[in-house]
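The values are calculated or read from the model by the stated rules, or taken from the named source; none is laboratory data. The model shown is predicted, which means the values in this text are computed figures rather than measured ones. Methodologically, a virtual Cβ is constructed for each residue, glycine included, from the backbone with ideal geometry; neighbour enumeration extends over all protein chains shown.
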Amino acid sequence: MLTDDRLGSPLADNRLLHLLELYVIGDGRTAVKPQQPDTQNTDEKTCCLKTFEWDGKPSGRIDKLHDKDVYIAGDNPDAAILIIHDLMGWSFPNARLLADHYSREAGATVYLPDFFGGETLPFEPLLQGRFHDVDLPGFLKRNSRELREPEIFAFAEALREKHEKVAAAGFCWGGWAVFRLGSKDHESPLVDCVTAGHPSLLTKQDIDGVSVPVQLLAPESDPALSPEMKLHCFESMMKRGVYFEYQHFPGVEHGCLVRGDPSKDGEREAMLRGKSVAVNWFKQFLH
């Protein structure tokens, strides 16, 4: 278990947030800049990289699909769930344990592919605030939306060929991707529904373009998803008649649904509730 006293300094935290704020999507659209009050404390600034490994050992298998390494849980031939990982990548134990839960409880085959091209950010420097030890600008450039989006689309298309119904779940870095998977721009739908947990790099264009049912899991404190963006989700979905479910998580921060501390009051409950409401969402549209 890792503890809060290993989080980074305010100076290092500001550097990371500055990099994320300036991140520009390859097609010319700029991700919405997170709005942060001046009173935001250090814990809030470091929440994106705060992580705790859940108890247990992943029980799925490693395979290859559409030229991607992928963690697979379950063997349902009809229903599938595609998880788009966060900055910790596809090998992060929490993400794999979540895949196991989804598979067992939603009755689906769950796929957690590597969309970082085999690259993994080292946990220790990030948790200790030693961002200068990690090439974050280079990492974001190597894993930009314009580079990874076609790969994500292609993987979803491969799942659509194998399974009758497909859902997608994305967290943090993967949040923008599930909105794009559910876009009305596709000739035929790539997915039947999406779940986005504390999404990052999300634009208003992404929100306005989605046409499949959307579940948004939104912690109270989330510099990557401002109140303005949360409100825009409501207004856009209502205006266009998109099936929409908003789940508010009071008292917790960005990252809590995958990287929360199960020993802390509130965070464990948020993780359990986040998992449960996502499972119920998948059941509605996969079966």
Those residues that are free of Cβ contacts under 8 Å to residues at least 40 places away in the same chain and either out of contact with any Gly (no Cβ under 8 Å at 6 or more places or on another chain) or exposed (fewer than 15 other Cβ atoms within 10 Å of the Cβ) (or both), I need them from region 137-165; list them, please.
-> Gly138, Phe139, Lys141, Arg142, Arg148, Glu149, Pro150, Phe153, Glu157, Arg160, Glu161
Would you point out which residue out of Glu187, Glu253 is within 26 Å of Phe115 (Cα to Cα), among the charged types (D, E, K, R) and surrounded by 16 or more Cβ atoms within 10 Å (Cβ to Cβ)?
-> Glu253
Ser221 small (Gly, Ala, Ser), closer than 17 Å to Tyr243 by Cα and either at pLDDT 95 or above or in contact with an Asp or Glu (Cβ under 8 Å, 6 or more places away or on another chain) (or both) = no
Note: among Val258, Val194, Val277, just one is among the hydrophobic types (A, V, I, L, M, F, W, C), in contact with a strand residue (DSSP E or B) (Cβ under 7 Å, 6 or more places away or on another chain) and surrounded by fewer than 23 Cβ atoms within 10 Å (Cβ to Cβ), namely Val277
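Yes/no matrix, rows are residues, columns are (1) more than 21 Å from Cys233 (Cα to Cα); (2) charged (D, E, K, R); (3) in contact with a helix residue (DSSP H, G or I) (Cβ under 6 Å, 6 or more places away or on another chain):
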{"position": "Tyr246", "(1), (2), (3)": "no, no, no"}
{"position": "Phe249", "(1), (2), (3)": "no, no, yes"}
{"position": "His254", "(1), (2), (3)": "no, no, yes"}
{"position": "Pro262", "(1), (2), (3)": "yes, no, yes"}
{"position": "Gly266", "(1), (2), (3)": "yes, no, no"}
{"position": "Glu269", "(1), (2), (3)": "yes, yes, no"}
{"position": "Val279", "(1), (2), (3)": "yes, no, yes"}
{"position": "Lys283", "(1), (2), (3)": "yes, yes, yes"}
Sort through Ser91, Ser103 and tell me the only one that's surrounded by fewer than 21 Cβ atoms within 10 Å (Cβ to Cβ), out of contact with any helix residue (DSSP H, G or I) (no Cβ under 8 Å at 6 or more places or on another chain), in contact (Cβ under 8 Å) with a residue 24 or more places away in the chain and among the small types (Gly, Ala, Ser).
-> Ser91
Failed condition for Asp208, given (1) touching a Gly at 6+ places or on another chain (Cβ under 9 Å); (2) farther than 16 Å from His254 by Cβ, with all others met?
-> (1)
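Among the helices (runs of 4 or more DSSP H) confined wholly to region 205-287, which include 2 or more residues that are closer than 29 Å to Asp78 by Cβ and touching a residue at least 40 places away in the same chain (Cβ under 8 Å)?
Here the list reads 256-259, 267-286.
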Candidate set: region 106-120, residues that are touching a Leu at 6+ places or on another chain (Cβ under 8 Å) and in a loop (DSSP other than H, G, I, E, B); chosen: the one surrounded by the most Cβ atoms within 10 Å (Cβ to Cβ) = Ala108
